Amino acid sequence: MMGANLLLPLSGLVLAALAWAAGSVWLAGVTPIAASFAPLETARALLALLQGAELWEHVAVSLERVAVGLGVALLLGIPLGVLTGLSPLFSRSTTPLFQFARMISPLSWMPLAVMVLGVGNAPVYFLLAFAAVWPILLNTAAGVAQLDKNWLLLARSLSATRRETIVHVILPGITAQILTGVRLAIGIIWIVLVPAEMLGVSAGLGYFILDARDRLAYSDLMAAILVIGFLGYLLDHAARTLHKRWLHAA
Amino acid sequence: MNSPLPEPALAIAAAAADAPAVLEARGLSYAHGAAGPVFSHLSLSIRRREIVALLGGSGCGKSTLLRVLAGLARPATGEVRFLDTVQAAPHPRSALVFQQASLLPWLNLADNVGFGLDFAHQPQTAKAARDERIKAAIAAVGLAGREGAWPAQLSGGMAQRTALARALARQPELLFADEPFSALDAITRAEMQSLLVDVVHRWHTAALLVTHDIDEAILVADRIVLMGGRPGRLLHEWTVDIPRNREDHPEAVGALRLAILSALRHAS
Ligand SMILES: Nc1ncnc2c1ncn2[C@@H]1O[C@H](COP(=O)(O)OP(=O)(O)O)[C@@H](O)[C@H]1O
Ligand SMILES: [Mg+2]
(Lines give C-alpha, C1' and ligand atoms only; values in the text may rest on other atoms or scores of the structure.)
(Ligands and ions follow the chains in the order given, each with its own letter.)
Protein backbone atom coordinates (compact mmCIF):
# COMPACT_ATOMS: atom_id res chain seq x y z
CA MET A 1 0.00 0.00 0.00
CA MET A 2 2.59 2.44 1.23
CA GLY A 3 4.90 1.52 -1.65
CA ALA A 4 2.20 2.09 -4.26
CA ASN A 5 1.27 5.42 -2.64
CA LEU A 6 4.85 6.63 -2.87
CA LEU A 7 5.63 5.18 -6.27
CA LEU A 8 3.78 7.69 -8.47
CA PRO A 9 4.97 10.88 -6.72
CA LEU A 10 8.51 9.50 -6.63
CA SER A 11 8.42 8.62 -10.32
CA GLY A 12 7.62 12.28 -11.08
CA LEU A 13 10.63 13.43 -9.06
CA VAL A 14 12.92 10.86 -10.66
CA LEU A 15 11.79 11.89 -14.14
CA ALA A 16 12.47 15.54 -13.33
CA ALA A 17 15.93 14.66 -12.05
CA LEU A 18 16.66 12.72 -15.24
CA ALA A 19 15.53 15.66 -17.34
CA TRP A 20 17.68 17.93 -15.21
CA ALA A 21 20.73 15.69 -15.73
CA ALA A 22 20.13 15.48 -19.48
CA GLY A 23 19.58 19.24 -19.69
CA SER A 24 22.80 20.06 -17.85
CA VAL A 25 24.81 17.67 -20.03
CA TRP A 26 23.41 19.34 -23.12
CA LEU A 27 23.99 22.84 -21.68
CA ALA A 28 27.56 21.93 -20.70
CA GLY A 29 28.16 21.22 -24.39
CA VAL A 30 27.21 24.84 -25.13
CA THR A 31 28.76 26.59 -22.10
CA PRO A 32 31.26 24.47 -20.16
CA ILE A 33 30.60 26.25 -16.87
CA ALA A 34 27.05 24.84 -16.90
CA ALA A 35 28.52 21.51 -15.79
CA SER A 36 28.20 22.72 -12.21
CA PHE A 37 24.41 22.89 -12.68
CA ALA A 38 24.33 19.10 -12.89
CA PRO A 39 22.47 17.05 -10.26
CA LEU A 40 25.58 15.37 -8.91
CA GLU A 41 27.49 18.64 -8.50
CA THR A 42 24.41 20.16 -6.88
CA ALA A 43 24.04 17.26 -4.47
CA ARG A 44 27.68 17.57 -3.47
CA ALA A 45 27.29 21.32 -2.90
CA LEU A 46 24.06 20.78 -0.98
CA LEU A 47 25.71 18.25 1.33
CA ALA A 48 28.57 20.64 2.03
CA LEU A 49 26.17 23.52 2.66
CA LEU A 50 24.01 21.45 4.99
CA GLN A 51 27.07 20.55 7.03
CA GLY A 52 28.25 24.13 7.30
CA ALA A 53 26.65 26.92 9.31
CA GLU A 54 26.22 29.58 6.63
CA LEU A 55 23.20 28.16 4.80
CA TRP A 56 21.38 27.58 8.07
CA GLU A 57 21.90 31.20 9.06
CA HIS A 58 20.36 32.34 5.77
CA VAL A 59 17.47 29.91 6.27
CA ALA A 60 16.90 31.22 9.80
CA VAL A 61 16.87 34.83 8.62
CA SER A 62 14.42 34.00 5.83
CA LEU A 63 12.10 32.05 8.10
CA GLU A 64 12.13 34.88 10.62
CA ARG A 65 11.09 37.29 7.86
CA VAL A 66 8.29 34.91 6.87
CA ALA A 67 7.11 34.79 10.47
CA VAL A 68 7.17 38.57 10.90
CA GLY A 69 5.50 39.19 7.54
CA LEU A 70 2.82 36.64 8.28
CA GLY A 71 2.34 37.96 11.82
CA VAL A 72 1.84 41.52 10.62
CA ALA A 73 -0.52 40.29 7.89
CA LEU A 74 -2.56 38.39 10.49
CA LEU A 75 -2.68 41.38 12.85
CA LEU A 76 -4.02 43.58 10.05
CA GLY A 77 -5.93 41.07 7.98
CA ILE A 78 -8.08 39.43 10.65
CA PRO A 79 -9.59 42.60 12.16
CA LEU A 80 -10.08 44.13 8.71
CA GLY A 81 -11.60 40.89 7.48
CA VAL A 82 -13.99 40.68 10.44
CA LEU A 83 -14.99 44.29 9.83
CA THR A 84 -15.53 43.58 6.14
CA GLY A 85 -17.62 40.52 6.96
CA LEU A 86 -19.73 42.25 9.59
CA SER A 87 -20.28 45.71 8.15
CA PRO A 88 -21.80 46.00 4.66
CA LEU A 89 -20.96 49.70 4.80
CA PHE A 90 -17.26 49.05 5.40
CA SER A 91 -17.28 46.22 2.89
CA ARG A 92 -18.83 48.29 0.12
CA SER A 93 -16.56 51.25 0.72
CA THR A 94 -13.36 49.19 0.75
CA THR A 95 -13.93 46.34 -1.72
CA PRO A 96 -12.80 48.25 -4.86
CA LEU A 97 -9.74 49.56 -3.00
CA PHE A 98 -8.79 46.11 -1.70
CA GLN A 99 -9.36 44.41 -5.04
CA PHE A 100 -7.24 47.10 -6.68
CA ALA A 101 -4.40 46.93 -4.15
CA ARG A 102 -4.45 43.14 -4.18
CA MET A 103 -3.66 43.04 -7.89
CA ILE A 104 -0.51 45.16 -7.57
CA SER A 105 2.52 42.91 -7.38
CA PRO A 106 4.03 43.59 -3.96
CA LEU A 107 7.46 43.76 -5.60
CA SER A 108 6.44 46.87 -7.49
CA TRP A 109 6.41 48.66 -4.13
CA MET A 110 10.02 47.73 -3.55
CA PRO A 111 11.70 51.01 -4.65
CA LEU A 112 9.15 53.01 -2.67
CA ALA A 113 9.48 50.75 0.36
CA VAL A 114 13.26 51.10 0.36
CA MET A 115 12.97 54.86 -0.04
CA VAL A 116 10.53 55.24 2.84
CA LEU A 117 11.71 52.49 5.18
CA GLY A 118 15.40 52.48 4.34
CA VAL A 119 17.46 49.40 3.54
CA GLY A 120 17.39 46.42 5.85
CA ASN A 121 14.62 44.26 7.22
CA ALA A 122 11.83 46.84 7.31
CA PRO A 123 11.06 47.01 3.57
CA VAL A 124 11.18 43.20 3.33
CA TYR A 125 8.71 42.88 6.22
CA PHE A 126 6.52 45.44 4.50
CA LEU A 127 6.55 43.65 1.16
CA LEU A 128 5.82 40.26 2.72
CA ALA A 129 3.02 41.60 4.91
CA PHE A 130 1.58 43.49 1.98
CA ALA A 131 1.60 40.33 -0.12
CA ALA A 132 0.10 38.16 2.62
CA VAL A 133 -2.60 40.42 3.99
CA TRP A 134 -5.08 39.99 1.11
CA PRO A 135 -5.73 36.26 1.24
CA ILE A 136 -6.06 36.52 5.02
CA LEU A 137 -8.38 39.50 4.86
CA LEU A 138 -10.58 38.05 2.13
CA ASN A 139 -10.80 34.60 3.69
CA THR A 140 -11.60 36.06 7.11
CA ALA A 141 -14.37 38.16 5.59
CA ALA A 142 -15.73 35.12 3.74
CA GLY A 143 -15.59 33.15 7.00
CA VAL A 144 -17.63 35.75 8.83
CA ALA A 145 -20.16 35.89 6.01
CA GLN A 146 -20.46 32.09 6.01
CA LEU A 147 -20.91 31.71 9.77
CA ASP A 148 -23.84 29.38 10.41
CA LYS A 149 -26.70 31.70 11.40
CA ASN A 150 -27.94 29.00 13.74
CA TRP A 151 -24.71 29.25 15.77
CA LEU A 152 -25.50 32.88 16.40
CA LEU A 153 -29.11 32.02 17.24
CA LEU A 154 -27.84 29.35 19.58
CA ALA A 155 -25.57 31.86 21.29
CA ARG A 156 -28.46 34.28 21.61
CA SER A 157 -30.73 31.59 22.98
CA LEU A 158 -28.09 31.11 25.68
CA SER A 159 -28.14 34.87 26.33
CA ALA A 160 -24.42 34.85 25.48
CA THR A 161 -22.57 38.08 26.17
CA ARG A 162 -20.86 39.80 23.27
CA ARG A 163 -17.54 38.48 24.50
CA GLU A 164 -18.85 34.92 24.79
CA THR A 165 -20.26 35.11 21.28
CA ILE A 166 -16.95 36.32 19.87
CA VAL A 167 -14.74 33.92 21.83
CA HIS A 168 -16.90 30.80 21.64
CA VAL A 169 -18.64 31.18 18.28
CA ILE A 170 -17.26 33.80 15.91
CA LEU A 171 -13.50 33.33 16.30
CA PRO A 172 -13.51 29.52 16.29
CA GLY A 173 -16.17 29.68 13.57
CA ILE A 174 -13.86 31.56 11.21
CA THR A 175 -10.63 29.81 12.18
CA ALA A 176 -10.90 27.28 9.35
CA GLN A 177 -11.13 30.09 6.79
CA ILE A 178 -8.35 32.04 8.47
CA LEU A 179 -6.16 28.94 8.21
CA THR A 180 -7.05 28.67 4.52
CA GLY A 181 -5.97 32.30 4.22
CA VAL A 182 -2.74 31.52 6.06
CA ARG A 183 -1.99 28.68 3.69
CA LEU A 184 -2.47 30.90 0.65
CA ALA A 185 -0.50 33.67 2.35
CA ILE A 186 2.44 31.39 3.07
CA GLY A 187 2.48 30.36 -0.57
CA ILE A 188 2.59 33.98 -1.69
CA ILE A 189 5.09 35.06 0.97
CA TRP A 190 7.45 32.28 0.06
CA ILE A 191 7.37 33.35 -3.58
CA VAL A 192 7.80 37.06 -2.84
CA LEU A 193 10.48 36.42 -0.22
CA VAL A 194 13.32 35.48 -2.56
CA PRO A 195 13.14 38.52 -4.87
CA ALA A 196 12.45 40.77 -1.86
CA GLU A 197 15.69 39.56 -0.33
CA MET A 198 17.63 40.44 -3.45
CA LEU A 199 17.68 44.13 -2.64
CA GLY A 200 19.38 45.94 0.22
CA VAL A 201 19.84 43.01 2.60
CA SER A 202 22.88 40.88 3.30
CA ALA A 203 21.30 37.64 4.51
CA GLY A 204 18.49 35.31 3.58
CA LEU A 205 17.92 32.78 0.82
CA GLY A 206 17.31 35.44 -1.84
CA TYR A 207 20.56 37.11 -0.92
CA PHE A 208 22.31 33.76 -0.95
CA ILE A 209 21.16 33.09 -4.52
CA LEU A 210 22.55 36.41 -5.76
CA ASP A 211 25.71 35.90 -3.76
CA ALA A 212 26.22 32.43 -5.24
CA ARG A 213 25.77 33.91 -8.71
CA ASP A 214 28.37 36.59 -8.00
CA ARG A 215 30.78 33.98 -6.68
CA LEU A 216 30.07 31.91 -9.83
CA ALA A 217 29.19 29.10 -7.40
CA TYR A 218 26.49 27.65 -9.61
CA SER A 219 26.16 24.37 -7.79
CA ASP A 220 25.55 26.34 -4.57
CA LEU A 221 22.91 28.29 -6.46
CA MET A 222 21.20 25.09 -7.58
CA ALA A 223 21.43 23.72 -4.05
CA ALA A 224 19.77 26.87 -2.71
CA ILE A 225 16.97 26.44 -5.24
CA LEU A 226 16.40 22.92 -3.96
CA VAL A 227 16.40 24.16 -0.36
CA ILE A 228 13.88 26.87 -1.24
CA GLY A 229 11.58 24.36 -2.88
CA PHE A 230 11.88 21.90 -0.03
CA LEU A 231 11.26 24.50 2.70
CA GLY A 232 8.29 25.89 0.78
CA TYR A 233 6.89 22.38 0.52
CA LEU A 234 7.33 21.88 4.28
CA LEU A 235 5.68 25.22 5.11
CA ASP A 236 2.71 24.45 2.89
CA HIS A 237 2.45 20.98 4.36
CA ALA A 238 2.48 22.42 7.89
CA ALA A 239 -0.26 24.90 7.05
CA ARG A 240 -2.34 22.14 5.45
CA THR A 241 -1.90 19.87 8.46
CA LEU A 242 -2.94 22.66 10.82
CA HIS A 243 -6.07 23.25 8.74
CA LYS A 244 -7.01 19.56 8.74
CA ARG A 245 -6.28 19.20 12.42
CA TRP A 246 -8.57 22.08 13.24
CA LEU A 247 -11.41 20.56 11.25
CA HIS A 248 -10.65 17.08 12.58
CA ALA A 249 -11.02 15.96 9.01
CA ALA A 250 -7.61 14.29 8.83
CA MET B 1 -36.96 14.80 36.97
CA ASN B 2 -39.26 17.67 37.77
CA SER B 3 -42.08 15.55 39.05
CA PRO B 4 -41.88 13.05 41.85
CA LEU B 5 -44.83 11.13 40.40
CA PRO B 6 -44.08 8.60 37.70
CA GLU B 7 -46.75 8.66 35.04
CA PRO B 8 -47.57 6.08 32.43
CA ALA B 9 -46.79 7.47 29.03
CA LEU B 10 -50.27 7.00 27.67
CA ALA B 11 -51.84 9.12 30.39
CA ILE B 12 -49.60 12.09 29.77
CA ALA B 13 -51.62 13.78 27.06
CA ALA B 14 -54.76 13.56 29.15
CA ALA B 15 -52.97 14.64 32.32
CA ALA B 16 -51.54 17.65 30.53
CA ALA B 17 -54.96 19.02 29.64
CA ASP B 18 -55.39 20.87 32.91
CA ALA B 19 -51.67 21.38 33.59
CA PRO B 20 -50.48 24.97 34.01
CA ALA B 21 -49.05 26.72 30.99
CA VAL B 22 -45.32 26.79 30.46
CA LEU B 23 -45.72 29.36 27.72
CA GLU B 24 -48.55 31.78 27.20
CA ALA B 25 -48.48 34.16 24.23
CA ARG B 26 -51.14 36.81 23.71
CA GLY B 27 -51.85 39.21 20.87
CA LEU B 28 -48.52 38.70 19.09
CA SER B 29 -47.79 40.65 15.92
CA TYR B 30 -44.52 40.73 14.05
CA ALA B 31 -43.22 42.29 10.84
CA HIS B 32 -39.79 42.01 9.19
CA GLY B 33 -38.75 45.61 8.80
CA ALA B 34 -41.12 47.57 6.62
CA ALA B 35 -42.72 44.45 5.10
CA GLY B 36 -46.32 43.63 5.95
CA PRO B 37 -46.92 41.75 9.20
CA VAL B 38 -45.94 38.06 9.12
CA PHE B 39 -48.64 37.40 11.71
CA SER B 40 -50.87 39.56 13.82
CA HIS B 41 -52.85 39.22 17.03
CA LEU B 42 -51.88 35.65 17.46
CA SER B 43 -52.30 33.85 20.76
CA LEU B 44 -51.02 30.43 21.76
CA SER B 45 -50.41 28.64 24.99
CA ILE B 46 -48.39 25.51 25.63
CA ARG B 47 -49.05 23.48 28.74
CA ARG B 48 -46.41 21.71 30.74
CA ARG B 49 -45.23 18.48 29.15
CA GLU B 50 -47.41 19.02 26.14
CA ILE B 51 -46.19 18.43 22.61
CA VAL B 52 -47.71 21.00 20.30
CA ALA B 53 -47.20 20.78 16.56
CA LEU B 54 -47.30 24.08 14.70
CA LEU B 55 -48.33 23.04 11.22
CA GLY B 56 -48.38 25.23 8.13
CA GLY B 57 -47.17 25.61 4.58
CA SER B 58 -43.69 26.98 4.00
CA GLY B 59 -43.42 30.74 4.18
CA CYS B 60 -46.49 31.11 6.39
CA GLY B 61 -44.42 32.44 9.26
CA LYS B 62 -43.84 29.39 11.49
CA SER B 63 -40.13 30.02 11.99
CA THR B 64 -40.73 33.69 12.67
CA LEU B 65 -43.37 32.81 15.26
CA LEU B 66 -41.02 30.30 16.87
CA ARG B 67 -38.32 32.96 17.17
CA VAL B 68 -40.72 35.38 18.80
CA LEU B 69 -41.96 32.68 21.19
CA ALA B 70 -38.37 31.70 22.02
CA GLY B 71 -37.49 35.29 22.87
CA LEU B 72 -35.10 35.66 19.93
CA ALA B 73 -37.20 38.36 18.29
CA ARG B 74 -39.30 41.00 19.94
CA PRO B 75 -42.96 41.13 18.91
CA ALA B 76 -44.42 44.43 17.69
CA THR B 77 -47.46 43.87 19.88
CA GLY B 78 -48.39 41.37 22.54
CA GLU B 79 -46.36 39.50 25.10
CA VAL B 80 -44.95 36.07 25.80
CA ARG B 81 -45.11 34.74 29.35
CA PHE B 82 -42.74 31.90 30.20
CA LEU B 83 -43.50 30.14 33.47
CA ASP B 84 -45.68 33.08 34.45
CA THR B 85 -43.14 35.84 33.92
CA VAL B 86 -43.05 38.12 30.90
CA GLN B 87 -40.17 36.99 28.74
CA ALA B 88 -37.72 39.75 27.84
CA ALA B 89 -34.86 37.49 26.75
CA PRO B 90 -34.61 33.79 25.86
CA HIS B 91 -35.51 31.85 28.99
CA PRO B 92 -32.75 29.60 30.39
CA ARG B 93 -35.27 26.76 30.60
CA SER B 94 -36.09 26.85 26.91
CA ALA B 95 -33.93 25.25 24.23
CA LEU B 96 -33.76 25.18 20.45
CA VAL B 97 -33.34 22.50 17.81
CA PHE B 98 -33.01 23.60 14.20
CA GLN B 99 -33.55 21.92 10.85
CA GLN B 100 -29.77 21.61 10.54
CA ALA B 101 -27.93 20.13 13.51
CA SER B 102 -25.60 23.16 13.40
CA LEU B 103 -23.04 21.50 15.64
CA LEU B 104 -19.84 23.41 16.28
CA PRO B 105 -17.25 21.49 14.22
CA TRP B 106 -14.35 22.45 16.47
CA LEU B 107 -15.93 20.81 19.54
CA ASN B 108 -16.37 17.12 20.10
CA LEU B 109 -19.79 15.61 20.70
CA ALA B 110 -19.77 16.00 24.49
CA ASP B 111 -18.55 19.61 24.31
CA ASN B 112 -21.23 20.37 21.74
CA VAL B 113 -23.87 18.98 24.07
CA GLY B 114 -22.51 21.05 26.95
CA PHE B 115 -22.07 24.18 24.84
CA GLY B 116 -23.01 27.33 26.69
CA LEU B 117 -24.05 25.70 29.96
CA ASP B 118 -21.34 27.74 31.67
CA PHE B 119 -22.20 31.05 30.03
CA ALA B 120 -22.58 34.02 32.33
CA HIS B 121 -26.35 34.35 31.99
CA GLN B 122 -27.08 30.68 32.46
CA PRO B 123 -28.04 29.30 35.88
CA GLN B 124 -24.75 28.76 37.68
CA THR B 125 -23.97 25.10 38.25
CA ALA B 126 -20.95 23.19 39.45
CA LYS B 127 -18.83 21.52 36.78
CA ALA B 128 -19.60 18.07 38.14
CA ALA B 129 -23.35 18.69 37.91
CA ARG B 130 -22.95 19.98 34.35
CA ASP B 131 -20.95 16.92 33.35
CA GLU B 132 -23.66 14.74 34.82
CA ARG B 133 -26.30 16.56 32.78
CA ILE B 134 -24.25 16.24 29.61
CA LYS B 135 -23.80 12.53 30.21
CA ALA B 136 -27.50 11.99 30.86
CA ALA B 137 -28.49 13.96 27.76
CA ILE B 138 -26.11 11.97 25.56
CA ALA B 139 -27.42 8.71 26.98
CA ALA B 140 -31.02 9.86 26.43
CA VAL B 141 -30.49 10.16 22.69
CA GLY B 142 -28.66 6.84 22.49
CA LEU B 143 -25.16 8.19 21.87
CA ALA B 144 -23.45 6.99 25.05
CA GLY B 145 -19.89 6.01 24.21
CA ARG B 146 -19.62 8.52 21.34
CA GLU B 147 -18.70 11.49 23.55
CA GLY B 148 -15.35 12.02 21.85
CA ALA B 149 -16.63 11.86 18.27
CA TRP B 150 -16.21 14.92 16.04
CA PRO B 151 -19.17 16.43 14.17
CA ALA B 152 -17.48 15.74 10.83
CA GLN B 153 -17.62 12.04 11.65
CA LEU B 154 -21.34 11.91 12.47
CA SER B 155 -24.14 10.87 10.12
CA GLY B 156 -27.04 13.27 9.65
CA GLY B 157 -29.18 11.33 12.10
CA MET B 158 -26.45 11.19 14.73
CA ALA B 159 -25.76 14.89 14.33
CA GLN B 160 -29.43 15.65 14.88
CA ARG B 161 -29.45 13.37 17.95
CA THR B 162 -26.52 15.39 19.26
CA ALA B 163 -28.44 18.61 18.64
CA LEU B 164 -31.36 17.15 20.59
CA ALA B 165 -29.01 16.19 23.43
CA ARG B 166 -27.60 19.74 23.40
CA ALA B 167 -31.12 21.02 23.96
CA LEU B 168 -31.84 18.44 26.67
CA ALA B 169 -28.67 19.29 28.58
CA ARG B 170 -30.27 22.60 29.44
CA GLN B 171 -33.05 20.73 31.25
CA PRO B 172 -35.64 22.63 29.31
CA GLU B 173 -39.22 23.18 30.37
CA LEU B 174 -39.92 23.81 26.71
CA LEU B 175 -38.17 22.56 23.61
CA PHE B 176 -38.49 24.66 20.46
CA ALA B 177 -37.88 22.52 17.38
CA ASP B 178 -38.03 24.08 13.91
CA GLU B 179 -38.55 21.33 11.32
CA PRO B 180 -35.85 19.33 13.07
CA PHE B 181 -36.21 16.21 10.95
CA SER B 182 -37.02 17.53 7.51
CA ALA B 183 -33.42 17.21 6.29
CA LEU B 184 -33.25 13.52 7.25
CA ASP B 185 -34.10 10.46 5.18
CA ALA B 186 -37.49 8.86 5.81
CA ILE B 187 -36.21 6.00 7.96
CA THR B 188 -34.03 8.19 10.16
CA ARG B 189 -36.87 10.69 10.40
CA ALA B 190 -39.25 8.04 11.73
CA GLU B 191 -36.64 6.98 14.32
CA MET B 192 -36.10 10.56 15.38
CA GLN B 193 -39.82 11.24 15.67
CA SER B 194 -40.31 8.42 18.15
CA LEU B 195 -37.09 9.37 19.95
CA LEU B 196 -38.40 12.91 20.36
CA VAL B 197 -41.68 11.72 21.86
CA ASP B 198 -39.86 9.30 24.11
CA VAL B 199 -37.34 11.87 25.34
CA VAL B 200 -39.94 14.59 25.87
CA HIS B 201 -42.01 12.21 27.98
CA ARG B 202 -39.10 10.90 30.01
CA TRP B 203 -37.61 14.34 30.61
CA HIS B 204 -40.98 15.85 31.50
CA THR B 205 -40.57 18.71 29.11
CA ALA B 206 -42.98 20.40 26.74
CA ALA B 207 -42.21 20.84 23.06
CA LEU B 208 -43.27 23.09 20.22
CA LEU B 209 -42.58 21.23 17.00
CA VAL B 210 -42.71 23.35 13.86
CA THR B 211 -43.45 21.19 10.84
CA HIS B 212 -44.99 21.28 7.40
CA ASP B 213 -45.50 17.52 7.48
CA ILE B 214 -49.07 16.53 8.41
CA ASP B 215 -48.10 12.95 9.25
CA GLU B 216 -45.28 14.08 11.48
CA ALA B 217 -47.66 16.36 13.36
CA ILE B 218 -50.16 13.54 13.85
CA LEU B 219 -47.56 10.98 14.94
CA VAL B 220 -45.79 13.25 17.41
CA ALA B 221 -48.13 15.87 18.82
CA ASP B 222 -50.66 15.98 21.63
CA ARG B 223 -52.17 19.01 19.97
CA ILE B 224 -51.90 20.38 16.45
CA VAL B 225 -52.36 24.04 15.61
CA LEU B 226 -52.69 25.00 11.98
CA MET B 227 -51.14 28.30 10.92
CA GLY B 228 -52.01 30.10 7.70
CA GLY B 229 -53.42 33.20 6.08
CA ARG B 230 -51.75 36.51 5.42
CA PRO B 231 -50.97 37.94 7.84
CA GLY B 232 -50.64 34.59 9.55
CA ARG B 233 -52.95 33.41 12.28
CA LEU B 234 -53.89 30.14 13.90
CA LEU B 235 -56.69 28.73 11.78
CA HIS B 236 -57.57 25.53 13.52
CA GLU B 237 -56.65 23.31 16.39
CA TRP B 238 -56.95 19.56 17.02
CA THR B 239 -56.30 17.61 20.15
CA VAL B 240 -54.77 14.30 19.13
CA ASP B 241 -56.16 11.61 21.41
CA ILE B 242 -54.97 8.66 19.37
CA PRO B 243 -53.10 6.30 21.71
CA ARG B 244 -49.39 5.78 21.12
CA ASN B 245 -47.83 4.16 19.20
CA ARG B 246 -49.96 5.90 16.65
CA GLU B 247 -48.61 3.86 13.73
CA ASP B 248 -50.75 1.08 15.20
CA HIS B 249 -53.95 3.11 14.66
CA PRO B 250 -54.02 3.82 10.94
CA GLU B 251 -57.76 4.51 10.76
CA ALA B 252 -57.70 7.22 13.42
CA VAL B 253 -54.53 8.71 11.91
CA GLY B 254 -56.12 8.66 8.46
CA ALA B 255 -59.30 10.32 9.69
CA LEU B 256 -57.35 13.12 11.37
CA ARG B 257 -55.23 13.59 8.28
CA LEU B 258 -58.39 14.04 6.21
CA ALA B 259 -59.76 16.53 8.71
CA ILE B 260 -56.55 18.56 8.53
CA LEU B 261 -56.46 18.43 4.74
CA SER B 262 -60.02 19.62 4.57
CA ALA B 263 -59.27 22.49 6.96
CA LEU B 264 -56.32 23.42 4.75
CA ARG B 265 -58.55 23.44 1.70
CA HIS B 266 -61.09 25.69 3.37
CA ALA B 267 -58.37 28.04 4.51
CA SER B 268 -56.98 28.66 1.03
N1 LIG C 1 -35.08 37.99 7.94
C2 LIG C 1 -36.18 38.20 7.18
N3 LIG C 1 -36.37 39.40 6.58
C4 LIG C 1 -37.45 39.63 5.82
N5 LIG C 1 -38.42 38.74 5.58
C6 LIG C 1 -38.29 37.53 6.15
C7 LIG C 1 -37.17 37.19 6.98
N8 LIG C 1 -37.31 35.92 7.39
C9 LIG C 1 -38.47 35.49 6.86
N10 LIG C 1 -39.06 36.44 6.12
C11 LIG C 1 -40.35 36.34 5.43
O12 LIG C 1 -41.35 36.12 6.42
C13 LIG C 1 -42.26 35.14 5.97
C14 LIG C 1 -42.32 33.99 6.95
O15 LIG C 1 -41.10 33.29 6.92
P16 LIG C 1 -40.83 32.06 7.90
O17 LIG C 1 -41.22 32.45 9.26
O18 LIG C 1 -39.45 31.60 7.68
O19 LIG C 1 -41.87 30.98 7.32
P20 LIG C 1 -41.91 29.39 7.55
O21 LIG C 1 -40.99 29.04 8.65
O22 LIG C 1 -43.34 29.09 7.84
O23 LIG C 1 -41.52 28.78 6.24
C24 LIG C 1 -41.83 34.72 4.57
O25 LIG C 1 -42.62 35.42 3.65
C26 LIG C 1 -40.40 35.14 4.51
O27 LIG C 1 -40.06 35.50 3.19
MG1 LIG D 1 -39.28 27.78 8.59
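Assorted remarks:
- Within a straight-line Cα-Cα reach of under 21 Å, B:Lys135 can be paired with the following lysines, leaving aside sequence neighbours fewer than 8 residues apart in one chain: B:Lys127.
- Accessible area expressed per residue, the stretch A:1-89, with surrounding protein chains retained (probe 1.4 Å, Å²): 64
- In this rough spin-label picture, where each label sits 7 Å from Cα along the Cβ direction, the B:Thr77-A:Val30 distance is 8.7 nm.
- Against chain B, whose longest principal axis is taken from its Cα atoms, helix B:156-168 shows a tilt of about 90°.
- Summed buried accessible surface, chains B and A, 1.4 Å probe, nearest 100 Å²: 2100
- Candidate lysines for bridging to B:Lys62, where Cα separation is under 22 Å - those fewer than 8 sequence places away on the same chain excluded: A:Lys149
- Between 0 and 90°, nearest 10: helix A:2-30 axis offset from chain A longest Cα axis: 50
The values are calculated or read from the model by the stated rules, or taken from the named source; none is laboratory data. Just so we're clear, the structure is a prediction, and the values are computed from it rather than from any experiment. Cβ atoms come from the backbone with ideal geometry, glycine included; neighbour counts cover every protein chain shown. The protein model used for the area step is the full one, side chains on, heavy atoms only, and it has no ligands, DNA or RNA in it. Shrake-Rupley method; radii C 1.70, N 1.55, O 1.52, S 1.80 Å.
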